[in-house]
Amino acid sequence: MMADERARRRLWLVFFQPCRGAWYERFLAPGFAHVGALSFHADLDCWLVVQPIWYGGAVVEVRKDDDAAFQAWFAQMVADARIILRVPSEKRVGTMVRGGWCVSVVKGVLGFRSRALTPVQLCKHLLAAGAEVAEVPTRAEIEAKAARQSGTTSDVHVLH
């Protein structure tokens, strides 16, 4: 696979979350007030995090996945997420972001054409298009697995 082909084809984790205290949350499906996305870029050894905000998009690049701040953010995102989808995307030429809200920004990043206006609509459209639900273990499951592997149940530290 050539470099320009890798730039177009990417696996994204798309996460849907509540927005505690946001005035507009009462108009949206419970747990689906916000959507964001992240993807690991192996050739650059970094994560690209797309975290839209209500008055425009925000893109944050985190260089290393061993960065403590990123690990803490990722653990919190997993804990807060209503659902996380694995979305393979093939960036289409001519995709344009319309509107400044989170759904339009994520659709533009994914190169996904849809009439979805709200996060729950986008979730349904992505699932219908073949996205998969990412199974993320709970803290208890991670601790139990670590205890089984080490043969003990003490001193297991997990970011969460």
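Of note:
- Test result for Arg139, among the charged types (D, E, K, R), at pLDDT 85 or above and exposed (fewer than 15 other Cβ atoms within 10 Å of the Cβ): no
- The range 56-85 residues that are within 25 Å of Gly108 (Cα to Cα), paired with ones that are hydroxyl-bearing (Ser, Thr, Tyr) and at pLDDT 80 or above (beta carbon under 9 Å, 6 or more apart): Gly57/Ser104
- Residue in the range 22-34 that is modelled with pLDDT of 85 or more, over 17 Å from the mean Cα position of the chain (by Cα) and outside any loop (DSSP other than H, G, I, E, B) present: yes
- Leading residue by the ranking (surrounded by the most Cβ atoms within 10 Å (Cβ to Cβ)) among those in the range 15-46 that are of a type in the set (D, E, K, R) and over 16 Å from Pro119 (Cα atoms): Asp45
- Any hit, the range 59-80, residues being assigned to a loop (DSSP other than H, G, I, E, B), of a type in the set (A, V, I, L, M) and modelled with pLDDT under 90: no
The values are calculated or read from the model by the stated rules, or taken from the named source; none is laboratory data. Please read these numbers as outputs of a predicted model, since none were measured by experiment. Heads up, the Cβs are rebuilt from the backbone with ideal geometry, glycines too, and the neighbour counts pull from every protein chain shown.
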